[in-house]
1. Order these peptides, 102-112, 69-79, by their mean beta-carbon neighbour count within 10 angstrom, highest first.
2. Would you calculate, for the chain, the mean residue ellipticity at 222 nm contributed by helices, counting each DSSP H stretch of 4 or more residues as -39,500 (n - 2.57) and dividing by all residues, to the nearest 500?
3. Note the angle between two axes, namely the Cα long axis of helix 127-138 and the longest principal axis of the Cα atoms of the chain, as a number of degrees from 0 to 90, rounded to the nearest 10.
4. Report the Cα centroid-to-centroid distance between region 25-92 and region 144-165 in angstrom, as an integer.
5. For helix 27-42, what angle does its Cα long axis make with the longest principal axis of the chain, in degrees from 0 to 90 and rounded to 10?
6. Angle, helix 56-65 long axis vs. longest principal axis of the chain, Cα atoms, 0 to 90°, nearest 10?
7. Normalising by the residue count of region 57-136, find the relative contact order in percent from Cα pairs under 8 Å and 6+ residues apart.
8. Taking only C-alpha pairs under 8 Å that are 6+ residues apart, what is the relative contact order of the chain in percent?
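Just so you know, all these numbers are worked out from the coordinates, no wet-lab data involved. All values reported here derive from a predicted model rather than from experimental measurement. Cβ placement follows ideal geometry from the backbone for every residue including glycine, while neighbour counts extend to all protein chains displayed.
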C-alpha cells in the first residue's frame, strides 16, 4: 500500500501581545488556509487522519480548511506534542498512525515540518523531484504543504524512506489578481 504523509505549516499568524501559543491567524492566514483545503480536495489528497498542534493558529488553520475539503472530513486530533515539535517527535507521532489510514496530515510549525520533510525525502532521481526538494529546502513558508509518499507500514517510516511528490506554497495557489 502506498501511503501519503502531508505536512502543512500553519497559515500566517498575527503578532498581538499574546503568548505564542495563543497567537491567531492574520488576514493573510485566514485567506491562505481555505486555499490549502481546496488544494487538498482538488489534488485528491483528502487525509484519513489529521494531527494538529494545539496552538491557536494551527487550530484556526484546520478549522478554515475543513469546509473546503468536501464531504465528511476527518476529525482532527489536537496534540500538545505537535506544538513546537522537533522532526523526531513528529516522525514518532506519524509512526503511531493506525494501519488502516492511507494518509495522514500533520499541521504544525517550523522548523519541525520542514526538517521532517527533508529527513524523510529520499535522494531525488529526477530533475522534477530535485526541484521540489530544493524549494522545500530553501523556504517552507506559512501554509506551505509537502506531500511524501512511501510504501509499507507507518511504523517503518524513516529517514530517506519517502519520496517528496509535491511541495506547494500559498503563492502557487493564488490567482494572479490576488495581492500577496
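1. Going by the mean number of other Cβ atoms within 10 Å, highest first, we get 102-112, 69-79.
2. -10000 deg cm²/dmol
3. It works out to around 50 degrees.
4. 18
5. Once rounded, one gets 40 degrees.
6. Taking the Cα atoms of the chain, the angle to 56-65 is about 80 degrees.
7. Taking the mean separation of contacting Cα pairs over the length of region 57-136, I get 28 percent.
8. Relative contact order here is 29 percent.
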